[in-house]
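*Asks:* One structure, pasted below without further comment.
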There are 4 protein chains.
Amino acid sequence: MEVRPYENDPAWKRAAYSVIFESDTPAGRLFDIVLLGAIVLSVLTVMLESVPAINAHYGPELRIIEWVFTALFTVEYLARLLVVRRPLNYALSLLGIIDFLSIVPTLATLVLPGSRYLVTIRTLRLLRVFRIFKLGQFVGEGEFIVTALKASRFKILVFLTAVLTLVVVMGTLMYVVEGGRNGFTSIPQSIYWAIVTLTTVGYGDISPTTILGRTLASILMILGYAIIAVPTGIVSAQMAGARPAPAPAAPAFKQVICHVCQAPDHRPDAEFCWRCGEKL
Amino acid sequence: MEVRPYENDPAWKRAAYSVIFESDTPAGRLFDIVLLGAIVLSVLTVMLESVPAINAHYGPELRIIEWVFTALFTVEYLARLLVVRRPLNYALSLLGIIDFLSIVPTLATLVLPGSRYLVTIRTLRLLRVFRIFKLGQFVGEGEFIVTALKASRFKILVFLTAVLTLVVVMGTLMYVVEGGRNGFTSIPQSIYWAIVTLTTVGYGDISPTTILGRTLASILMILGYAIIAVPTGIVSAQMAGARPAPAPAAPAFKQVICHVCQAPDHRPDAEFCWRCGEKL
Amino acid sequence: MEVRPYENDPAWKRAAYSVIFESDTPAGRLFDIVLLGAIVLSVLTVMLESVPAINAHYGPELRIIEWVFTALFTVEYLARLLVVRRPLNYALSLLGIIDFLSIVPTLATLVLPGSRYLVTIRTLRLLRVFRIFKLGQFVGEGEFIVTALKASRFKILVFLTAVLTLVVVMGTLMYVVEGGRNGFTSIPQSIYWAIVTLTTVGYGDISPTTILGRTLASILMILGYAIIAVPTGIVSAQMAGARPAPAPAAPAFKQVICHVCQAPDHRPDAEFCWRCGEKL
Amino acid sequence: MEVRPYENDPAWKRAAYSVIFESDTPAGRLFDIVLLGAIVLSVLTVMLESVPAINAHYGPELRIIEWVFTALFTVEYLARLLVVRRPLNYALSLLGIIDFLSIVPTLATLVLPGSRYLVTIRTLRLLRVFRIFKLGQFVGEGEFIVTALKASRFKILVFLTAVLTLVVVMGTLMYVVEGGRNGFTSIPQSIYWAIVTLTTVGYGDISPTTILGRTLASILMILGYAIIAVPTGIVSAQMAGARPAPAPAAPAFKQVICHVCQAPDHRPDAEFCWRCGEKL
């Protein structure tokens, strides 16, 4: 959780906090939108840089842009640390860690060239976008999904354990059956194949060719096809159950009819007729 | 929305409108059925034309048929514009735009030969078919589905955002891990692979070969297998919830407060206060 | 529907009907079990015959076995026609048509050699198995599924129409984008690819290679991944709604009957009969 | 079910039982954790042994480790048999069979070298893990899933029967249509292809190339895409139904209280008090 600065902070710090961390003021919103644009552009820069044809022509330029963005994000990160009342709390918060990881990869290229591309982890910073646009609806829906998943976490873990056991046993069987050929060169490879098959991904880079192997594979596929019903059923039931209580039924009316004008449907607590004003 | 002609339109215009836009009269229905057949035939023509073997033998004939259909649809489009009271409203309506896009591609071939095939967008015009056959049931069910999807749109958007973030991060990781080989030649390519994998499509045109890559891929596959439960759960819960007739909306109360006793919440048609009997 | 013979049929006909069409008597059940075995064996025979290695060695023998089975099934079909009171009704019933189709392919091989393998349509005759074993539970559950699907048929048709439109439009787009290469050689081929992709099957025999093509494919995959939620939601909601009201928990009554008035169903803690007041 | 030793067993046997079979005492928990570690390590050993590169370097060492583990598990199995009061019951229980199968493969390598890898069936022993950590929540959730699946078992069997029939018929059709080429070399192969397609796995090792074949495949794919809704719907509905404890139907009691003993809750048709026998 982010820590709010107290009233006795210096004015500049409170103002900076309001701009950097909040988005209630025009300045704060502008900051967030600029940040948002910078994140998207920097991720695109890194993506383009990874394309060989583009890298060959614009490599140096892209690298410069990338360094500029990283410098900006580093300044921003330091500003956040400076402005916040409890820097350690921020630094160890989920958003703080993401902010930090967003600047590390470029700096790490000085040692390890390939790490640069990991800056796409900056994409995770886009989660802030919901806050910027005051998308309360979105946040609420996101929380609804997360709540439903959390409530189902034990069931999902049990399901995953069963899936992993199934995958290990089937992978081993296939390794023995296919005898190390056709890509089934080791048990870990066969387990990989079993996962590819059970999840119905089916690359086809490894596929059985013996009759027994294909029979086993068929069983695994039908199992995979059938047991996908389990997590779906879990989450569906959870969400159906978690649905907000339906709007309260229309208030029941008083079971009385005005003896003067015969008007029905009075409030339960009505003492006078709504149509003629007669005492009920 | 289509604009209905007023009573003081000339008789021929009203009759033409009834034939072209409505399907209550025998003439109107015949028009729609002929139109329906023409759409199907013209789409089939273009499909056949795209098959090299058929194109080699019957290319010129098919192109002539295509031009005849396009001429017919152009005349029909102009007639719709002429007959409708507010042509601009029609032209900018969803159906109007589809009607327009259905004739553009053939005309555009004069400039850009390949564009001809886009006339299959005419398929979208088949949506009119529900209206022709008075398939109220269909329309109702279609609306039910659309309503359920609309009610879930925020949840689905949140879900898609999460999926996109996951795909970008996993794609980058795989690019770094597989080191640019085996089809993982750039980050966009790796993101494409991540989408192919997460959605369990699994072409196999790109697939990991390193141990770490296959481990990451396994995690992504199991994630994809598990999180498909989320949209399904959303829509299932929405549809299950939307099933029973929704509780009648609480009656809107009169926006007035008794000037004597300040009692609120009077019936919309109340003339006297329910609490003190005073004239409202 | 099968037609039951009337009481005034000759005794042999009624007996034969009971054996062939019903499974209440030991003879009837034996007949059904033998038939069941014959169906399975004949289908296996044809399957084995289709395997080149087996066909090379045992081809003639398998063909003889196949002819024997077909002769048996022909006799059985004729017997059914003979025994039933309204042969035409039986012949035109679903089961009657399946019975007929089960013997045609072998006979047709006299004219068209390849047709022999179609006798595997006999597998459909296994649907009788549910009746043989009095699997009322199965039949009930099967009917439950069929009812849920029937109730959802309009929604499913609307869904399929939307899917087909999507597939036609996307297939055309991909044909134009990929320019006839990489397997996208015609619009029908591209539509085939779109179906393979949307349904998340993903053979990989046709897959896009251009950037634009892969972007479009990604959109189609995510659409396919998301809209599978629709039929699932439809059927889930239907089944959840159609679930039989849970049997009311039978109130635990005292296992005692009043020795004076024979009144049952006393409270577990009752000491006197509720009807006559006698001490229990 | 495991058999608990009786009170009159010798003290050492009761103590050993408590350590080996139970996990309430510190010793019992330690035993289970050590066992858990041994299972994981032994499975990893066998996995590594199956990787050619690792086997070439460390093969002998891994085989020795494997034999040590198998010796340990054999001792453990014999101890379980010795300690339990009714060894046969344990040996024939599910866990007992798994325990036995976990030691057989290594011993069998003396006769059949390839069987060694089947020791990964030891993974199933990890199911004990839930008991070790007193993961009551897990066990409860697992039972919830198992209960929901059991309640749906007839529906799932009906569904699987329908799927198998569909797969046999479609496989045969494709064999006839594709004429034995493109991997459709026999009916069993074509059925394998149909399963790969219907379950949306889609390896692509066999895929149709004729127009008719691709049309049939498209139908099968859309069917597979649509009917996955059925098991999902079954399980979702089952789980949604099993979720809220159904409010007990309030037994309609007589709105009367015995004037002698004040006993409430009389049957609606009761004429005498159930507690004191007084006329109501």
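The values are calculated or read from the model by the stated rules, or taken from the named source; none is laboratory data. Every value quoted in this text rests on a predicted model; they were computed, and no experiment measured them. So basically every Cβ, Gly included, is an ideal-geometry build from the backbone, and we count neighbours across all protein chains shown.
*Asks:* Search the stretch C:174-191 for residues being under 37 Å from the mean Cα position of the chain (by Cα) and more than 9 Å from every other protein chain (Cβ to nearest Cβ), and hand back the single one that is modelled with the lowest pLDDT.
*Replies:* C:G183
*Asks:* Give me the pairs, please: first residue somewhere in the stretch B:151-180 and under 19 Å from B:I191 (Cα atoms) and not assigned by TED's automatic domain parsing to the domain that holds B:G213, second residue anywhere and of a type in the set (D, E, K, R) and outside any helix (DSSP H, G or I), beta-carbon distance under 9 Å, and either six or more positions apart or on two chains.
*Replies:* none
*Asks:* What about A:Y58, is it surrounded by 14 or more Cβ atoms within 10 Å (Cβ to Cβ) and free of Cβ contacts under 8 Å to residues at least 24 places away in the same chain? Outline the logic, then answer.
*Replies:* Details: surrounded by 14 or more Cβ atoms within 10 Å (Cβ to Cβ): yes; free of Cβ contacts under 8 Å to residues at least 24 places away in the same chain: yes.
Spelling it out, A:Y58 is indeed surrounded by 14 or more Cβ atoms within 10 Å (Cβ to Cβ) and free of Cβ contacts under 8 Å to residues at least 24 places away in the same chain.
*Asks:* Now for a different question. How about the stretch D:77-86: which of its residues are part of a helix (DSSP H, G or I) and either surrounded by 17 or more Cβ atoms within 10 Å (Cβ to Cβ) or outside the structural domain of D:V40 (by TED's automatic domain parsing) (or both)? If you could, list the steps in order and put the result at the bottom.
*Replies:* Pass one, the stretch D:77-86, residues part of a helix (DSSP H, G or I): D:77-83.
Within the stretch D:77-86, D:Y77, D:R80, D:V83 meet the criteria.
*Asks:* Also, quick follow-up: Kindly indicate the residue of the stretch D:50-84 that is of a type in the set (D, E, K, R) and under 27 Å from the mean Cα position of the chain (by Cα) and also nearest to D:V119 (Cα to Cα) among those meeting that condition.
*Replies:* We begin by selecting, within the stretch D:50-84, every residue of a type in the set (D, E, K, R); these are D:61, D:63, D:66, D:76, D:80.
Still in the running and under 27 Å from the mean Cα position of the chain (by Cα): D:66, D:76, D:80.
Working: D:E66: 10, D:E76: 16, D:R80: 19 Å.
Per the criteria, the residue is D:E66.
*Asks:* Moving on to the next point. Please determine whether any residue of the stretch D:220-232 is in contact (Cβ under 8 Å) with a residue 60 or more places away in the chain and at the interface with another protein chain (Cβ under 7 Å from one of its Cβ atoms). Walk me through how you get there before you give the answer.
*Replies:* If we filter the stretch D:220-232 for residues that are in contact (Cβ under 8 Å) with a residue 60 or more places away in the chain, which is where we start, we get D:227, D:230-231.
Within this subset, residues satisfying the condition of being at the interface with another protein chain (Cβ under 7 Å from one of its Cβ atoms) are D:230-231.
The answer is yes, given that some residue of the stretch D:220-232 is in contact (Cβ under 8 Å) with a residue 60 or more places away in the chain and at the interface with another protein chain (Cβ under 7 Å from one of its Cβ atoms).
*Asks:* Here is a list: B:T25, B:T70, B:T109. Which entry is among the β-branched types (V, I, T) and more than 28 Å from C:T185 (Cα to Cα)?
*Replies:* Details: B:T70 fails: more than 28 Å from C:T185 (Cα to Cα); B:T109 fails: more than 28 Å from C:T185 (Cα to Cα).
Step by step, each of B:T25, B:T70, B:T109 is checked, and only B:T25 is among the β-branched types (V, I, T) and more than 28 Å from C:T185 (Cα to Cα).
*Asks:* Looking for whichever is more than 8 Å from chain C (Cβ to nearest Cβ), within 26 Å of C:L212 (Cα to Cα) and modelled with pLDDT of 75 or more here; the options are B:L164, B:L112, B:L92. Which one fits? Give the steps one after another, and end with the answer.
*Replies:* Numbers: B:L112 fails: modelled with pLDDT of 75 or more; B:L92 fails: within 26 Å of C:L212 (Cα to Cα).
Going through B:L164, B:L112, B:L92 in turn, just one is more than 8 Å from chain C (Cβ to nearest Cβ), within 26 Å of C:L212 (Cα to Cα) and modelled with pLDDT of 75 or more: B:L164.
*Asks:* Next question, about the same structure. Determine whether D:L135 is surrounded by 16 or more Cβ atoms within 10 Å (Cβ to Cβ) and modelled with pLDDT under 70.
*Replies:* On the way: surrounded by 16 or more Cβ atoms within 10 Å (Cβ to Cβ): yes; modelled with pLDDT under 70: yes.
Yes.
*Asks:* D:A194 passes all but one of (1) surrounded by 24 or more Cβ atoms within 10 Å (Cβ to Cβ); (2) assigned to a helix (DSSP H, G or I); (3) facing another protein chain (nearest Cβ under 8 Å); which number fails?
*Replies:* Only one criterion is unmet by D:A194, namely (3).
*Asks:* Related question: Run C:T199 past the list (1) at pLDDT below 80; (2) facing chain D (nearest Cβ under 9 Å); (3) buried (at least 24 other Cβ atoms within 10 Å of the Cβ) and report the number of the one that doesn't hold.
*Replies:* (1)
*Asks:* Assess whether B:Y17 counts as being at pLDDT below 85, over 28 Å from C:T172 (Cβ atoms) and assigned by TED's automatic domain parsing to the domain that holds B:L92. Give the steps one after another, and end with the answer.
*Replies:* Numbers: at pLDDT below 85: yes; over 28 Å from C:T172 (Cβ atoms): yes; assigned by TED's automatic domain parsing to the domain that holds B:L92: yes.
Yes: the conditions hold for B:Y17.
*Asks:* Do you know which of the residues in the stretch B:197-215 that are in contact with a helix residue (DSSP H, G or I) (Cβ under 6 Å, 6 or more places away or on another chain) and in a helix (DSSP H, G or I) is farthest from D:Y203 (Cα to Cα)?
*Replies:* Top of the filtered list is B:L212.
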